[in-house]
Amino acid sequence: MIVRRCAGGVVFYANKVLLLKNDRHEWTLPKGKVIEGQLAADSAVSRVKNETGVEACPLVVAGDTMYEFYSRSRKQQVCNAIVWYVMEAENPEYIIREDFLDGGFYKIKDAMDMLSHNKEKALVDVSYKKYKEEKKSNTEIAK
C-alpha cells in the first residue's frame, strides 16, 4: 500500500465553505499530496489555488483524517494521511479546474448535506466553529 502525506483546506468566505465535485461525483474539499520540501500549510494553500483559483490564507489547523482508496492509475490501495487547515478566502470568486465536475462556495447547512463523506462533514462542522472563534478573536484584538 502506498501512504501519501497530504494537506487540504476547509476554505470559508463569510458563512460559506468551498466544495468540489470530483470525477466520482463525490462532493469533497480541496486537498492533495504535500509537495516535497514544502510545509503542509503551504501545500494546502497551493492545492486550493491550483484546484479552484481561490487565494486563501490558513488561520489554524483544523485536524487530520486518513482514508484508503483503490487507485485506478496505480492499480493498488493508497492511504491518504491529510492535515487540514481552516482557511479564509480573500473573495468568493473561484474557477473550477477541468479535473472537477462542479464546485463553489456553499452555505454551511447546504454543504453539510452535499458532502459525500462523514469525516469531511465532521471536519467542516469543527472547522466552521474554529473559523468563527478565530474571527471573533481577531475582532476583539482589533478593538
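The values are calculated or read from the model by the stated rules, or taken from the named source; none is laboratory data. This is a predicted model, so every value here is computed, not measured. Glycine also receives a Cβ, built like all others from the backbone with ideal geometry; neighbour counts cover every protein chain displayed.
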Inset, instruction - Filter segment 43-86 for residues that are more than 15 Å from the chain's Cα centre (by Cα) and in contact (Cβ under 8 Å) with a residue 12 or more places away in the chain and give the result. - result: Glu68, Ser71, Arg74, Gln76, Gln77, Val78, Cys79
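Would you check which residues across segment 27-45 are within 13 Å of Trp84 (Cα to Cα) and among the small types (Gly, Ala, Ser) and list them? Can you show your working first?
Applying the first criterion (within 13 Å of Trp84 (Cα to Cα)) to segment 27-45 yields 28-34, 39-45.
Across segment 27-45, the qualifying residues are Gly32, Ala40, Ala41, Ser43, Ala44.
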Inset, instruction - Assess whether Leu115 counts as being touching a Gly at 6+ places or on another chain (Cβ under 9 Å) and at pLDDT 95 or above. - result: no
Legend entry - Which numbered condition Glu133 fails, given (1) within 14 Å of the chain's Cα centre (by Cα); (2) more than 13 Å from Pro30 (Cβ to Cβ); (3) acidic (Asp, Glu): (1)
Inset, instruction - Pick out the one residue from Ser127, Ser137 that is among the small types (Gly, Ala, Ser), in a helix (DSSP H, G or I) and out of contact with any Phe, Trp or Tyr (no Cβ under 8 Å at 6 or more places or on another chain). - result: Ser137
Legend entry - So Asn91, is it surrounded by fewer than 13 Cβ atoms within 10 Å (Cβ to Cβ) and more than 18 Å from Val126 (Cα to Cα): yes
Inset, instruction - Within segment 105-143, work out how many residues are in contact (Cβ under 8 Å) with a residue 24 or more places away in the chain, loosely packed, with under 14 Cβ neighbours inside 10 Å and among the small types (Gly, Ala, Ser). - result: 0
Inset, instruction - Test Val60 against the stated conditions and say whether it is surrounded by fewer than 20 Cβ atoms within 10 Å (Cβ to Cβ), at pLDDT below 95 and either outside any strand (DSSP E or B) or aliphatic (A, V, I, L, M) (or both). - result: no
Legend entry - Flag if Ala122 is under 13 Å from the mean Cα position of the chain (by Cα), of a type in the set (A, V, I, L, M), farther than 15 Å from Leu18 by Cβ and modelled with pLDDT of 95 or more: yes
